[in-house]
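Asker: After the structure tokens below, expect a handful of questions from me.
The numbers here are math on the coordinates, done by the rules we state, and not lab data. As the structure is a computational prediction, the values presented were derived from the model and not from experiment. Glycine gets a Cβ as well: all are built from the backbone with ideal geometry, and neighbour counts include every protein chain shown.
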Amino acid sequence: MGQTGGTLCAQLREEVTVRAEIVVWPNVTLQVLPFSVGAYRGGPFPFKVYRFPEPSEMQVVLLENHVSHTYLEDPSDIGFYADVFNHLRATALGELESKTLIEGIIAEASAERDRG
């Protein structure tokens with residue numbers, strides 16, 4: 001059991017450390033959606049909304065799963081996923097709160113590692 005816990009702790013520390021490094025990039029906004037939110041609009045299904053600059057100004061939604069992916073270009077689909085994304089951003093912790101939470105997780109995981 002200790003082996004698994006140690007490995008998970010190391011993986012968690014590595015994952016949040018990478019996120020903490022990315023958050024300082026000028027084109028990145030990182031917000032954490034805490035477990036306390038519970039079920040949320042959009043569910044656990046990954047999606048990406050791509051917006052292309054002029055002259056095309058095209059927008060596309062990419063849906064991904066374990067075996068396939070789908071691109072959606074219909075304006076109503078793009079509108080739906082834009083609404084979901086905006087809801088997630090409004091529900092998630094703010095940037096400063098998210099950064100503080102991530103720093104706390106890194107410190108806790110490091111302390112756990114040091115206790116061995």
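Asker: With springs only between Cα atoms under 10 Å, which of ARG51, ARG89, ARG19 fluctuates most in a Gaussian network model of the chain?
Answerer: Its mean-square fluctuation being the largest, the pick is ARG51.
Asker: Select from GLU54, GLU21, GLU73 the residue whose mean-square fluctuation is largest in a Gaussian network model of the chain (Cα-Cα springs shorter than 10 Å).
Answerer: Result: GLU54 has the largest fluctuation of those listed.
Asker: Treat every Asp and Glu Cβ in the chain as -1 and every Lys and Arg Cβ as +1, leave all other atoms uncharged, and give the resulting dipole magnitude about the Cα centre to the nearest 20 debye.
Answerer: Numbers: 9 positive and 16 negative charges, 63 e Å.
About 300 debye.
Asker: Can you give the convex hull volume of the alpha carbon atoms of segment 50-91 per residue, in Å³? Don't skip to the end; give the middle numbers.
Answerer: Numbers: hull volume 3.5 nm³, N = 42.
Roughly 83 Å³ of hull volume per residue.
Asker: If you don't mind, there's one more thing I want to ask. What does the extension gain come out to for ARG89 and THR17, with contour length at 0.36 nm per residue minus their alpha carbon separation?
Answerer: Value of the extension gain: 23.8 nm.
Asker: Next up: Run the helix sum for the chain: -39,500 (n - 2.57) per DSSP H stretch of 4+ residues, divided by residue count, reported at 222 nm to the nearest 500 deg cm²/dmol.
Answerer: It comes out at -17500 deg cm²/dmol, rounded to the nearest 500.
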